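Student: Please see the structure below; I have some questions.
No lab work stands behind these numbers, since they all come straight from the coordinates. These numbers were taken from a predicted model, which means no experiment stands behind them. Every residue, glycine as well, gets a Cβ built from its backbone with ideal geometry; the counts of neighbours run over all protein chains shown.
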Amino acid sequence: MSEQKLQSQTVQTTGHAWDGDLQEYNNPLPTWWVYTFYVTVAFAIVYWTIYPSWPVGKGWIGGASDVTYVNSAGETKTHSWNTRALLVESLNEAAAAQKPYFDKVSSMSYEQIAKDPEMNGFIISAGKSLFADNCAACHQSGGQGVVGFFPNLADDDWLYGGSFDKIHETLVGGRRGFMPAFSEVLSGEQIDQLAHYVASLSGVGHDASKAATGNILFHNDTAACFYCHAVDAKGRKDVGAPNLTDNIWLWAKVPAAQGDAGKVAAIREVIGSGLNKGVMPAWAGRLSTEQIKVLTVYVHELGGGQ
Amino acid sequence: MNFNFKHEWIETNIGLMAVLTMLAISVGGLVEIAPLFFIDKTIEKVEGVRPYTPLEQRGRDMYTREGCYTCHSQMIRPFRDEKLRYGHYSLAAESQYDHPFQWGSKRTGPDLARVGGKYSNEWHVQHLVAPRSMVPESVMPNYPWLLSTPLDISDTAARMKALRKVGVPYSLTQAEYDANVVKFGETVARQLHIPDAQKNLIEQANFGNYDGDRSGISEMDALIAYLQVLGTMVDFSKYTDDAFVKYR
């Protein structure tokens with residue numbers, strides 16, 4: 001009570017009274033608060049003069065700070081501070097740092113890059129991050145692929161060819177897999193016979209007599225599998241037809257199938273319904289020429305380059 | 001100057017207090033939003049951006065219905081790391097027909113602003129049905145019902161009419177159609193014509209066969225059609241690397 005009395009002598013009240021004697025002190029703001037407030041105001045004014053701030057008519061005040069950069073057309077330009085200009089500048093800086101390597105990538109042949117230990121280090125680190133960002137979603141982080149969907153890049157079995165040039169071609173233009181649905185032209189029995197024959201090629205358990213009939217269907221015009229898979233059933237890389245004799249499976253889910261009958265059924269499924277998938281996107285528009293070359297060598301080095 | 005301010009003036013005048021309170025709390029919005037309607041460089045002048053086709057638009061409805069935006073942004077910022085991972089930074093022009101836009105700021109999953117064309121349709125089907133079959137470390141939920149649920153196309157035209165009301169140039173009349181032919185070319189203009197919405201949707205779904213199943217049009221067809229067009233409308237190879245600097 002005595003304290004309140006003391007305060008009421010030194011601090012003004014707002015002047016009005018409620019309920020007869022209820023009054024309100026009019027305390028000033030703490031000094032530190034007031035000065036902090038003034039500092040923030042001063043900071044804002046300084047900030048406005050340096051960086052883009054107030055809208056004026058159809059534009060805005062650009063501020064005193066600017067960014068000078070060289071664009072892709074080689075022109076040196078200065079623009080009031082903004083993040084887009086900063087990006088051009090920072091990409092240029094990064095490109096300059098990578099230039100010695102990318103210049104080498106451009107000028108060297110694939111074979112030279114693969115043999116040069118220093119370049120190999122660059123390919124492994126740059127290729128790894130490019131692969132992780134762009135390829136791993138389908139081909140998985142180690143390039144092992146997914147049976148039934150995306151080919152393994154770490155083995156030596158290639159659909160379209162595993163040479164540098166072929167890998168490059170695949171990356172640039174993309175691919176599209178296709179196999180007709182043979183249920184439309186063959187009987188269920190014939191498809192079964194073909195499945196047994198294909199199983200026999202890879203040493204999967206099969207019925208020998210069915211496989212013998214399948215062999216005939218495969219090589220005559222009834223099924224004409226040899227058009228794409230070749231007479232020796234080792235495939236044709238120009239049309240992306242896989243080798244059927246190596247016990248490596250992409251479309252038919254043979255590895256996961258239970259028992260010989262299950263494995264043959266997995267093959268029968270592919271022959272019957274065909275394939276209209278195996279789409280690889282084209283990367284020419286998304287990645288630079290040098291990036292594609294790095295990836296070409298990286299994929300080639302993953303295990304099975306030819 | 002003998003100006004003796006008293007907050008009693010405000011505190012004892014409820015009308016004045018209401019007006020001043022309104023002013024104080026709307027300042028932030030007014031100074032940040034209002035100028036964008038007057039600044040003529042807000043939306044970049046760029047070729048190729050068009051409204052979504054009926055199928056893509058229905059796919060976008062699936063995208064919002066399933067809450068994809070809670071984990072995926074569609075806004076590539078102008079930073080080096082984003083450019084390297086996702087591609088060219090997003091332009092305001094690219095989401096000018098989005099209502100509401102899907103920019104977002106929460107990335108539990110990757111940004112999707114330029115996911116169009118990056119993966120095959122088949123990958124999308126598998127990935128949406130069972131994400132971990134494609135990306136083992138993924139935490140994305142499974143969306144198997146997209147593949148098994150037929151797309152409801154009965155209200156396609158009504159949905160486009162609603163978007164037309166908020167400014168998307170879908171055409172109802174011949175005059176609007178002709179204007180679209182001039183603005184977007186005939187192929188696109190046909191897709192934007194509301195009276196043909198259902199026919200166009202069915203045609204695109206059958207031609208594209210996005211879900212790999214020709215027996216009908218599923219919600220998956222629509223969603224993949226939408227995902228595959230994201231970020232693909234502008235051909236950035238036509239522009240220098242600083243073409244959009246002047247807009248900011």
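Student: Just flag the trypsin sites (Lys or Arg not before Pro) in region B:44-88 sitting in loop per DSSP whose Cβ has no more than 12 other Cβ atoms within 10 Å.
Tutor: Counting only loop positions with at most 12 other Cβ atoms within 10 Å, the trypsin sites (Lys or Arg not before Pro) in region B:44-88 are B:45.
Student: Taking the convex hull of the alpha carbon atoms in region A:163-306, what volume per residue do you get, in Å³?
Tutor: Here the figure is 114 Å³ per residue.
Student: Here is a further query. Can you tell me the length gained on complete extension of the stretch residue B:77 to residue B:130, counting 0.36 nm per residue apart and subtracting the Cα distance?
Tutor: 16.1 nm
Student: Roughly what angle does helix A:164-173 make with the longest principal axis of chain A, taking Cα atoms, 0 to 90 degrees, to the nearest 10?
Tutor: Computed tilt is about 60 degrees.
Student: Let me ask something additional. Among B:67, B:49, B:108, which residue has its Cα positioned farthest towards the positive end of the charge dipole of region B:32-120, with +1 placed on the Cβ of Lys and Arg, -1 on the Cβ of Asp and Glu, and the dipole taken about the Cα centre?
Tutor: With unit charges placed on the Cβ atoms, the residue in question is B:108.
Student: Where the centroid of each part is defined by its Cα atoms, how far is region B:41-66 from region B:200-223 in Å?
Tutor: Using only Cα atoms, the two centres lie 18 Å from each other.
Student: May I ask for the angle, rounded to the nearest 10°, between helix A:208-219 and the longest principal axis of chain A, with both axes built from Cα atoms and the value confined to 0 to 90°?
Tutor: Compared with the principal axis, the helix lies near 80 degrees.
Student: With respect to the cross-link table entries A:293/B:83; A:237/B:238; A:58/B:238, which display a Cα-Cα separation exceeding 23 Å?
Tutor: Where the Cα-Cα span goes over 23 Å, the pairs concerned are A:237/B:238; A:58/B:238.
Student: While we're here: Aspartates and glutamates near residue A:277 by alpha-carbon distance under 13 Å, same-chain residues fewer than 8 away left out - which ones?
Tutor: Partners within reach: B:122, B:211, B:213.
Student: Something else now. Scan chain A and hand back the longest stretch that contains none of the trypsin sites (Lys or Arg not before Pro) lying in DSSP loops with at most 16 other Cβ atoms within 10 Å.
Tutor: Longest site-free region, per DSSP loop and neighbour criteria: A:59-175.
Student: A further question follows. Can you give the Rg/Rh ratio of the protein assembly as shown, where Rg is from the C-alpha atoms and Rh is the Kirkwood radius?
Tutor: 1.12
Student: Also, I was wondering about something else. How many percent of all Cα-Cα pairs in chain A sit more than 33 Å apart?
Tutor: 56
Student: At a Förster distance of 60 Å, what's the computed FRET efficiency of residue A:129 paired with residue B:24, Cβ-Cβ distance as r, to 0.05?
Tutor: 0.75
Student: Check residue A:278: other-chain or 5+ apart residues with amide H under 5 Å from its amide H, H built from backbone geometry?
Tutor: Excluding prolines and chain starts, which carry no amide H, the hits are A:177.
Student: Need the full-extension length gain, residue A:81 to residue A:112, defined as separation in residues times 0.36 nm minus the C-alpha distance. One decimal, nm.
Tutor: 6.8 nm
Student: For chain B, return all DSSP H helices satisfying: extent of Cα atoms along own axis at least 24 Å; mean Kyte-Doolittle hydropathy at least -0.5.
Tutor: Counting only whole DSSP H runs, the qualifying helices are B:14-33.
Student: Something else now. Between beta-carbons, use under 14 Å as the cut-off and find the net charge around residue A:116, counting Lys and Arg +1, Asp and Glu -1.
Tutor: -1
Student: I would also like to ask the following. So between residue A:246 and residue A:49, what do we pick up on full extension, going 0.36 nm a residue minus the alpha carbon distance?
Tutor: The residue A:246-residue A:49 span can extend by a further 63.8 nm.
Student: Right, next: Using the Cα centre of region B:54-235 as the reference point, and only Cβ charges (+1 on K/R, -1 on D/E), how large is the resulting charge dipole? Debye, rounded to the nearest 20.
Tutor: Dipole size: approximately 500 debye.
Student: For residue B:199, go through the lysines and keep the ones whose alpha-carbon is under 25 Å away, minus same-chain ones fewer than eight residues off.
Tutor: Cα-Cα hits under 25 Å: B:161, B:165, B:183.
Student: How much FRET efficiency would the formula 1/(1 + (r/R0)^6) give for residue A:68 and residue B:40, where r is the Cβ-Cβ distance and R0 is 22 Å, rounded to 0.05?
Tutor: Given R0 = 22 Å and the Cβ-Cβ separation, E is 0.30.
Student: Out of the trypsin sites (Lys or Arg not before Pro) in region B:89-167, which ones are loop residues according to DSSP with at most 13 other C-beta atoms within 10 Å?
Tutor: Listed in order of number, the matching sites are B:106, B:107.
Student: Can you give the longest stretch of chain B with no exposed loop site, where a site means GluC sites (Glu not before Pro) in a DSSP loop (not H, G, I, E or B) with at most 13 other C-beta atoms within 10 Å?
Tutor: No qualifying site falls inside B:138-248, the longest such stretch.
Student: Something else: What are the semi-axes of the equivalent ellipsoid of chain B, taken as the square roots of 5 times the eigenvalues of the Cα gyration tensor, listed largest first and rounded to whole Å?
Tutor: In descending order the semi-axes read 40, 24, 21 Å.
Student: Mind checking the alpha-carbon convex hull of region A:186-265 and giving the volume per residue in Å³?
Tutor: Convex hull volume per residue, Cα atoms: 85 Å³.
Student: Here's a follow-up. What FRET efficiency would be calculated for the residue pair residue A:31, residue B:239, taking the C-beta separation as r and a Förster radius of 60 Å, to the nearest 0.05?
Tutor: Once rounded, the FRET efficiency stands at 0.60.
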